[in-house]
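The values are calculated or read from the model by the stated rules, or taken from the named source; none is laboratory data. For clarity, every value in this text was computed on a predicted model and none was experimentally measured. Heads up, the Cβs are rebuilt from the backbone with ideal geometry, glycines too, and the neighbour counts pull from every protein chain shown. Side chains are part of the model used for accessible areas, which takes the heavy atoms of the whole protein and leaves out ligands, DNA and RNA. Shrake-Rupley method; radii C 1.70, N 1.55, O 1.52, S 1.80 Å.
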Amino acid sequence: SQKIEQNSEALNIQEGKTATLTCNYTNYSPAYLQWYRQDPGRGPVFLLLIRENEKEKRKERLKVTFDTTLKQSLFHITASQPADSATYLCALDPLGSASKIIFGSGTRLSIRP
Amino acid sequence: NAGVMQNPRHLVRRRGQEARLRCSPMKGHSHVYWYRQLPEEGLKFMVYLQKENIIDESGMPKERFSAEFPKEGPSILRIQQVVRGDSAAYFCASSRDSVGTDTQYFGPGTRLTVL
């Protein structure tokens, strides 16, 4: 069956450390993968998109990798801050088309001071 | 430039009533997507619309649910004869071009509670 899996347990990180979140998928061949941030009671906010021919993408303190062989994406936040605490969602296009994207269930990240 | 607007933010309905959720996309955006999110779960795709057309409704239940995006006015997600299982947060997103080629922006959501 087709699945997108993210760390189901919450991730607790000390401020200043690098937080690494994992997104694994099975039986999909996505053309791209996206990462979003969602705060409680709010809609998701787009962070980064990485395409299948890109190994890595960076944006300020964020870094995303995409390994189509392992069917995995890693999302890193360097020099983490308490304000980074949120739920992070990965999403991909299930059919390689642009008509819709499928979301993982998200990983809750807590950065403690 | 105002973001994606959704109203109402909170909606309470009794079983059997109709729920009507509205979404105004960002200015210049003609692609609208509706998602449903249950507590502690990810977003589930429901339907993708362009002006006056349903492009993909594969995630929307065949019965009781309908969506439209008229030439003028907001997109509407309609749930008829609501049941308790319909209680969830419903998010709308919009993009200028189709998702994958352009970023989609989410609204704040409508939280539907069915009593």
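Looking only at the range A:66-86, decide whether some residue is within 14 Å of chain B (Cβ to nearest Cβ), under 20 Å from B:Phe106 (Cα atoms), modelled with pLDDT under 95 and open to solvent by less than 60 Å² (accessible area, probe 1.4 Å). For the range A:66-86, residues within 14 Å of chain B (Cβ to nearest Cβ), under 20 Å from B:Phe106 (Cα atoms), modelled with pLDDT under 95 and open to solvent by less than 60 Å² (accessible area, probe 1.4 Å): absent. Selection of the range B:46-75 for residues being open to solvent by 20 Å² or more (accessible area, probe 1.4 Å) and in a strand (DSSP E or B) yields B:Gln50, B:Asn53, B:Ile54, B:Ile55, B:Asp56, B:Ser66, B:Glu68.
When you scan the range B:55-78, do you find a residue that is among the β-branched types (Val, Ile, Thr), more than 17 Å from A:Ile101 (Cβ to Cβ) and in contact with a helix residue (DSSP H, G or I) (Cβ under 7 Å, 6 or more places away or on another chain), even just one?
No.
Just one of the listed residues (A:Leu33, A:Leu49) is without any contact (Cβ under 8 Å) to a residue 60 or more places away in the chain, over 24 Å from A:Ala10 (Cβ atoms) and buried (at least 16 other Cβ atoms within 10 Å of the Cβ), namely A:Leu49. Listed by first and then second residue, the pairs with beta-carbon distance under 8 Å, at least 6 apart or on different chains, first residue in the range B:29-58 and facing chain A (nearest Cβ under 7 Å), second open to solvent by 70 Å² or more (accessible area, probe 1.4 Å) and assigned to a strand (DSSP E or B), are B:Tyr48/B:Ile54; B:Tyr48/B:Ile55. When the range A:52-62 is filtered for residues that are open to solvent by 50 Å² or more (accessible area, probe 1.4 Å) and assigned to a strand (DSSP E or B), the ones remaining, listed by number, are A:Glu56, A:Lys57, A:Arg58, A:Lys59. Within this structure, B:Gly16 fails the test of being at pLDDT below 95, more than 10 Å from the chain's Cα centre (by Cα) and not hydrophobic (A, V, I, L, M, F, W, C).
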